[in-house]
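Where a number appears in this text, it was derived from the coordinates with a stated rule and is not lab data. Note that the structure is predicted; figures quoted are calculated from it, not measured. FYI the Cβ positions are ideal-geometry reconstructions off the backbone, even for glycines, and counts take in every protein chain you see.
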Amino acid sequence: MFRTFAKALGVAPNPKLMIEWGCGGGANAVAFAPHVGRLLVADVSAPSVAETIRQVAAVCSTPVGGIEVDIASPATAAAGLEDQCDLFLCVYVLELVPSQQDAMEIIEIAERLLVSGGVALIQVKYHTTSRWTRGRRRNYHRNLANMTTFGIDEFWTAATERGLTAKLVTLVPENALDRRYAYLALQKP
Ligand SMILES: C[S@@+](CC[C@H](N)C(=O)[O-])C[C@H]1O[C@@H](n2cnc3c(N)ncnc32)[C@H](O)[C@@H]1O
């Protein structure tokens, strides 16, 4: 998907510096790492950051740095990295955060970290006209993967208002794991 977005946007398919925000155990990081110059992996869980670094080292020699994110103050983790990243990846994270405001705080971080022309590949869980598809916003332990949802146009506009121009979207209405995934390519002007 990133290669398709990169081709459509006319950006390099091999970013010099990539950051993955909410890296988990490194499933995406190991796929991207061989194709990037340098990789940063950030997560609120220090053991997840350590595991991702271990997994990346097992597949390639791309330099990888870890960042532990303070959940109470995520922007702090990004200090000093402004205007450096060519690719900001954040997938299967925004539906877990407590509110749209928390999700958009991550988009603001992406805007700060990207170089001009850099791309954020962001996945959100989208809601439709059916109210049952909307984020639950309570009972976190039961609704983990459905806390925060966006209308596709709503997220498109909200990202653009925060300085990242929404350019492309790919929808996965349903797959073996879940439903209503939207993947957007946002570009910093
Ligand atoms: C469902 S996992 C997805 C991991 C990875 N992106 C993937 O696709 O395999 C969500 C990850 O986001 C992290 N996370 C949750 N809230 C976060 C936040 N505000 N900032 C950074 N990471 C966060 C969690 O610790 C967890 O590792």
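Treating the range 2-187 as a set of equal point scatterers at the Cα positions, no solvent, please give the Debye-formula log₁₀ I(q)/I(0) at q = 0.09, 0.11, 0.15, 0.17 Å⁻¹.
Relative scattering, expressed as log10 I(q)/I(0), comes to -0.30, -0.45, -0.87, -1.13.
Have a look at the DSSP beta bridges in the range 2-187 and tell me what percent are antiparallel, nearest 5.
Close to 45 percent.
Give the separation of the Cα centroids, the range 174-189 to the range 19-58, in Å.
First find each Cα centre; the distance between them is then 20 Å.
Determine the dipole magnitude for the chain: charges of +1 sit on the beta-carbon of Lys and Arg, -1 on that of Asp and Glu, nothing else is charged, the reference point is the Cα centre, and the result goes in debye to the nearest 20.
In total the dipole reaches around 560 debye.
I'd like the Karplus ³J(HN,Hα) series for the range 175-180: coefficients 6.51, -1.76, 1.60, θ = phi - 60°, whole numbers in Hz, and an x wherever there's a Gly or Pro.
Values per residue, Gly and Pro as x: 9, 5, 8, 6, 10, 6 Hz.
Counting other C-beta atoms within 10 Å, and keeping those with at most 16, which DSSP coil GluC sites (Glu not before Pro) do you find in the range 32-96?
The qualifying sites are GLU82.
Please pull out the direction-averaged projected area of the range 78-189, using the convex hull of its alpha-carbon atoms, in nm² to one decimal place.
Mean projected area of the Cα convex hull: 7.0 nm².
Once phi is turned into θ = phi - 60°, what whole-Hz ³J(HN,Hα) does the Karplus curve with 6.51, -1.76 and 1.60 give for every residue of the range 66-72, x standing for Gly and Pro?
Values, residue by residue: x, 10, 8, 8, 7, 4, 7 Hz.
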